[in-house]
Structure formats: structure tokens, C-alpha cells
1. If I take R0 = 45 Å and measure r between the Cβ atoms of Ser61 and Thr272 in this structure, what FRET efficiency does the formula 1/(1 + (r/R0)^6) give, to the nearest 0.05?
2. For Ile123, what is the net charge nearby, where nearby means another residue's Cβ is under 14 Å from its Cβ and Lys, Arg count +1, Asp, Glu -1?
3. Using Stokes-Einstein with the Kirkwood hydrodynamic radius over Cα pairs, what translational diffusion coefficient do you get for the stretch 81-185 at 20 °C and a viscosity of 1.002 mPa s, in µm²/s rounded to a whole number?
4. Determine, from the Cβ-Cβ distance of Ser103 and Lys281 and an R0 of 30 Å, the FRET efficiency 1/(1 + (r/R0)^6), rounded to the nearest 0.05.
5. If amide H atoms are built 1.01 Å from N in the plane of the peptide, which residues on other chains or at least 5 residues away come under 5 Å of the amide H of Tyr69?
6. For a test of the definition: using alpha carbon positions, the gyration tensor, and the 1.5 limit on a/c, classify the stretch 91-137 as rounded, prolate or oblate.
Amino acid sequence: MKGLVIKNTGSWYSVKTDVGNLVECKIKGNFRLKGIRSTNPVAVGDRVEIVTNQEGTAFISGIEDRRNYIIRKSQNLSKQSHIIAANVDLAFLVATIAHPQTSTTFIDRFLASAEAYSVPVVIVFNKVDLLQDDEDAMRYLDMMVNLYETVGYRCVRVSAVTGEGLDQLQSMLHDQITLLSGNSGVGKSTIINQLLPGVNLRTAEISEAHDTGMHTTTFSEMLPLPQGGYLIDTPGVKGFGSFDMQPEEIGSYFKEIFHFSKDCRFSNCTHTHEPGCAVIKAVEEHYIALSRYQSYLGMLKDKDENKYREAF
């Protein structure tokens with residue numbers, strides 16, 4: 001029997017079978033022996049084969065090949081990775097200018113990870129209603145939107161409180177499997193509650209002491225949309241390392257760096273010190289944003305120093 005993994009609760013997986021039944025499954029033990037160095041060899045969005053035994057217990061016995069996935073470094077240091085979701089058509093990266101502030105480092109690392117696994121991304125700047133009386137914050141928002149639209153990413157300004165921009169998000173969801181990701185506290189659950197009335201996901205207040213989000217989503221879950229498709233709700237993450245990327249590949253996951261790298265003198269240029277580097281020249285001439293270049297350098301250092309930002 002085949003089906004789609006729509007929820008992961010750690011040791012159990014909810015599988016919607018091709019005939020429409022919902023079956024609670026565990027993983028057969030031999031998955032642990034196949035060299036899958038991940039905290040979750042099965043992820044939400046996976047197409048799987050399931051079998052049942054005489055006791056009525058169901059097991060996932062096989063996984064179909066994934067067309068893509070979003071991955072982060074595992075919090076468990078004995079493992080290598082954690083797959084957030086598989087077989088995704090689109091990712092909404094929810095970011096906020098304030099309360100809490102999403103760093104360009106986080107955004108760039110997410111975008112690079114998505115590029116590496118061929119997941120299209122729309123950047124959703126939420127909580128714009130909180131910026132109306134702050135000219136500096138509004139200017140910073142304009143700058144961020146201009147930066148990422150210039151690179152080639154669609155940006156949408158949203159307020160889950162007033163409803164601004166939600167119609168733009170709705171228009172992209174039809175028959176798509178869409179992942180929502182971002183730091184804790186950026187309002188993913190509130191956005192889902194607006195896009196899917198009746199779901200009533202739990203939300204939490206921002207910590208005033210640290211201006212950071214509180215965890216309200218513990219496990220990934222696919223929520224069916226009335227117009228067809230799914231929204232994938234995911235736990236908040238602190239950051240993404242450059243897991244499973246070779247240093248020479250990282251530049252190709254930054255669209256503008258890849259564009260200018262074609263004019264570098266050396267084909268194996270690392271864009272850090274080499275003479276005739278077109279990328280360094282483009283940074284100096286402001287064709288590549290310094291923040292993006294610094295994010296690229298930071299991901300290169302991951303390989304040298306095992307320096308990554310842990311995720312929740």
C-alpha cells in the first residue's frame with residue numbers, strides 16, 4: 001500500500017494512503033541500517049510504501065525517490081542532517097524586520113539551501129503593520145525587498161493581523177505543496193490561521209526580554225487546502241548550515257555570485273583572494289550586496305571550522 005506522509009511526531013508518522021485512509025505508522029528497523037545519516041530518514045512530504053502485520057500495526061517499508069527537499073543541520077551532533085520536508089513545490093520563507101528581526105545571514109543560508117535542492121522560494125515579510133510609525137524600519141524593509149528582488153526572489157509584504165498581502169499568498173497556493181519556514185516568532189502559525197480558517201494553530205507571544213519567538217509548532221505537518229494542495233507547517237529554526245555542500249558549489253547557490261563568477265580568471269576561483277576575480281570586483285562596485293557576499297564567506301567557513309548555527 002502506498003501513501004503520503006502528512007505528519008511526523010518523532011516516532012510515529014501519519015500516512016494518507018492513496019485510497020484516502022489515514023494510517024499511523026512506525027519505521028521498520030532496517031531503515032536505521034541503510035546509511036541514512038539523518039535524524040528523520042522519513043520526512044513529511046515523502047511518498048512511502050507501508051505494510052501492516054497481523055496485530056494491525058503499520059510500518060513504513062520503503063520511500064520513493066524525492067524530487068527535492070529542504071534540509072538543515074541536525075541539533076543532534078551524532079547525526080548529520082534533519083530533513084524539514086520533501087517533494088515541495090514552493091517555500092514561503094517568513095521573515096520580520098522587527099519583533100524579532102530576521103538576519104540577512106539566516107535568509108541567505110535558507111535561500112542557498114533551497115537553491116541547492118531546487119526549491120523555489122518567496123520571501124514573506126510579515127508584521128509590516130508594526131512598522132508603520134517607524135520610518136527607519138520602513139526604509140530598512142524597502143531596502144531588503146529591493147535587495148532580494150534584484151537578486152531574483154519574489155517578495156511579499158504581509159500583515160497577518162490586518163490581512164495585507166494575504167491574497168497574494170493565497171493566489172500561489174492552488175494545487176501546490178507549500179512549505180512555511182522561518183525563525184520562531186515571525187508569525188508562521190498566525191499566517192496559516194489566516195490562510196486556513198478553522199485550523200486554529202496555537203500561537204505564542206514574543207518574549208519581551210529577548211524579542212524572540214516561543215516554540216508553538218513541535219513537528220512538521222501537511223495541512224490540506226480547500227483549493228487543492230497542502231501547506232506544510234514546520235517548527236521554527238535558528239539557522240541553516242551548509243550541510244552536504246562542497247565549498248566549490250556554494251557560490252552557485254547565490255544567483256548573483258554565480259552570474260559574475262563566469263567572468264573570473266580562474267575556473268576554480270573561490271572568490272576570496274584570487275587575482276582577476278569578477279565576484280570581488282562586483283562586490284567592490286556594489287553589483288553584489290556586501291551582506292550577501294559575507295553570507296557566502298560564512299558558508300565557506302562552515303567547512304573549515306565546523307561552524308554552523310544550530311537549529312531547534
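1. Details: r = 47 Å, r/R0 = 1.04.
Taking R0 as 45 Å, the efficiency between Ser61 and Thr272 is 0.45.
2. Details: positive: Arg109, Lys127, Arg154, Arg157, Lys188, Lys255, Arg292; negative: Asp108, Glu115, Asp142, Glu149.
Every neighbour counted, the sum reads +3.
3. Answer from the Stokes-Einstein relation: 150 µm²/s.
4. Details: r = 26 Å, r/R0 = 0.87.
That pair, Ser103 with Lys281, gives E of 0.70.
5. Asn87
6. Since a/c reaches 1.5 and a/b is larger than b/c, the shape of the stretch 91-137 is classed as prolate.
FYI, it's all coordinate maths here, none of it is from the lab. Keep in mind that what you see is a predicted model, and the values were worked out from it rather than measured. Every residue, glycine as well, gets a Cβ built from its backbone with ideal geometry; the counts of neighbours run over all protein chains shown.
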